[in-house]
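Inspection log for the structure reproduced underneath, given as structure tokens.
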Amino acid sequence: MEQEIKTPVTEESVQEAAVSETVEAVSESGEAIQAAAAGTEAPETVSEAAEAVPAEAVAEAAETASEDHEAAPAAAEEAQAPADEAQKKAEEPVESMADYEEEIDASLRRYERGEKVKCTVVSVDMDKIMVELGSTTGIIRKQDVSDDPAYNLQENIHPSDEVEATVVRPDDGHGNVVLSMKAASAQKAWDRLISLLESKEAVNVKINGVTKSGVTTTLEGVRGFIPASKLSLGFVSEEDLNNWVGKSIEARVITAQKDGRKLVLSAKEILREKEAEERREAAAAVKVGLVTEGTVETIKDYGAFVNLGKGVTGLLHVSQISQKRIKTPSEVLKEGEKVTVKVTKVADGRISLSMKALDDSAPAAEREEKVTFKLPKSEAIGTGLGDILKGLKLN
């Protein structure tokens, strides 16, 4: 026996049913309106439904449809914006690990001892330089820059400078690579030193130390030696070597051996050349007839050598020393004595001097002997030569 299930009728259920019928009516009315606009007739059931729907409901539905139509462009734009954004992102290059491969390799790289690298100076202190080596920090100590104890890091190297260095230790225990500029520049330095040896070019160097037989200096970052015998034209004793420290002199490379790290310089050769040039200039100024003062340097049996200054020496022959006859110059001259001489001859680089000629330069009337005599009687003239000379008196 079938049982009929009855749903209780309540006020809420009645209202829900009324709303549902209204919605259906509005929907059918909308279809009828669209069909009328298209020039077709709505179904009869639709017309009836439209007649059954109140005019207020129809107007409300039409207004809602109009608002939805006006809101459609804005909604379309809002929907398009995410699409445009997505397209832009799609066009952007996609980063990958390959893009950072170089940086990653640099950060993981381990430098080998003896490897030459280029790095950028970050900071400079009195005793060290900090450099940037890829993503690693490097340190260069002062003693690894130059052998010159007077070398000033802050005066010669500045931040942002690019320097070349050699790896001494891959890690100092604090994550820094220990580098040496001195080792990296050694090859260039020796190339320069060998070039100076071949060209004989003069260079200015500063003496910074003393050894048993000479002094030390630094050239192109390489320690050099100057023997005491090559410091001056004169003799330099070991006691005098300390007086040369701190002085700057002009020198020339005379030995440059890279394998043995042997660098020897000399100032003597340059001093000799300068002296020779001054002597040539001074000798060119010496002309015959010049009267000048000189110093007796050496006395020989045949004459004396007189220094006229600037390395110019002339010979004062024994016969040109005095009006009197002398056997040796030492009878009237002494070494170191100042004398006034006259240049009598310049030939083949030799200068002849005379002290005697200074007297000859006096007026002829003063050099002539004064002769007075008493003229004999006229009758006695011609009696003979002896008679004529008998009355002659010499003063």
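The values are calculated or read from the model by the stated rules, or taken from the named source; none is laboratory data. Keep in mind the model is a prediction, meaning the values are calculated, not measured. Neighbour counts run over all protein chains shown; Cβ positions are idealised from the backbone, glycine included.
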Might you let me know whether the stretch 166-179 holds any residue that is under 17 Å from the mean Cα position of the chain (by Cα), outside the structural domain of Gly311 (by TED's automatic domain parsing) and either at pLDDT 90 or above or not aromatic (Phe, Trp, Tyr) (or both)? no
Need a quick list: strands (runs of 3 or more DSSP E) entirely within the stretch 291-395 having at least 3 residues that are at pLDDT 85 or above. 291-300, 303-309, 312-317, 338-347, 350-354
What is the residue count in the stretch 192-246 for residues that are surrounded by 14 or more Cβ atoms within 10 Å (Cβ to Cβ) and outside any helix (DSSP H, G or I)? 25
Among the residues of the stretch 206-229, are any outside the structural domain of Glu132 (by TED's automatic domain parsing), of a type in the set (Lys, Arg) and in contact (Cβ under 8 Å) with a residue 60 or more places away in the chain? yes
Keeping to the stretch 177-191, report how many residues are of a type in the set (A, V, I, L, M, F, W, C) and not in a strand (DSSP E or B). 6
Just checking, which of Val178, Val167 is hydrophobic (A, V, I, L, M, F, W, C) and farther than 28 Å from Asn208 by Cβ? Val167
Has the stretch 276-292 got any residue that is closer than 30 Å to Thr340 by Cα, over 24 Å from the mean Cα position of the chain (by Cα) and among the hydroxyl-bearing types (Ser, Thr, Tyr)? yes
Applying the selection to the stretch 331-342, what residues are under 15 Å from Tyr302 (Cβ atoms) and either crowded, with 19+ Cβ neighbours inside 10 Å or among the acidic types (Asp, Glu) (or both)? Glu331, Leu333
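The rows are residues; the columns are (1) charged (D, E, K, R); (2) loosely packed, with under 11 Cβ neighbours inside 10 Å; (3) farther than 28 Å from Leu233 by Cα.
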| position | (1), (2), (3) |
| --- | --- |
| Val288 | no, no, yes |
| Lys300 | yes, no, no |
| Gly303 | no, no, no |
| Val306 | no, no, no |
| Thr313 | no, no, no |
| Pro329 | no, no, yes |
| Thr344 | no, no, yes |
Within the stretch 90-146, residues surrounded by 10 or more Cβ atoms within 10 Å (Cβ to Cβ), among the hydrophobic types (A, V, I, L, M, F, W, C) and modelled with pLDDT of 65 or more come out as Val117, Cys119, Val121, Val122, Val124, Ile129, Met130, Val131, Leu133, Ile139, Ile140, Val145
Of the candidates Ala256, Ala267, Ala283, the one satisfying the condition of being more than 18 Å from Asp148 (Cβ to Cβ), modelled with pLDDT of 95 or more and crowded, with 16+ Cβ neighbours inside 10 Å is Ala267
Does the stretch 155-163 contain any residue that is among the hydroxyl-bearing types (Ser, Thr, Tyr), farther than 22 Å from Leu271 by Cα and exposed (fewer than 12 other Cβ atoms within 10 Å of the Cβ)? yes
Would you mind stating whether Val178 is more than 30 Å from Glu273 (Cβ to Cβ) and crowded, with 17+ Cβ neighbours inside 10 Å? yes
Considering Thr120, Thr136, which residue is polar (S, T, N, Q), more than 24 Å from Thr218 (Cα to Cα) and touching a Lys or Arg at 6+ places or on another chain (Cβ under 9 Å)? Thr136
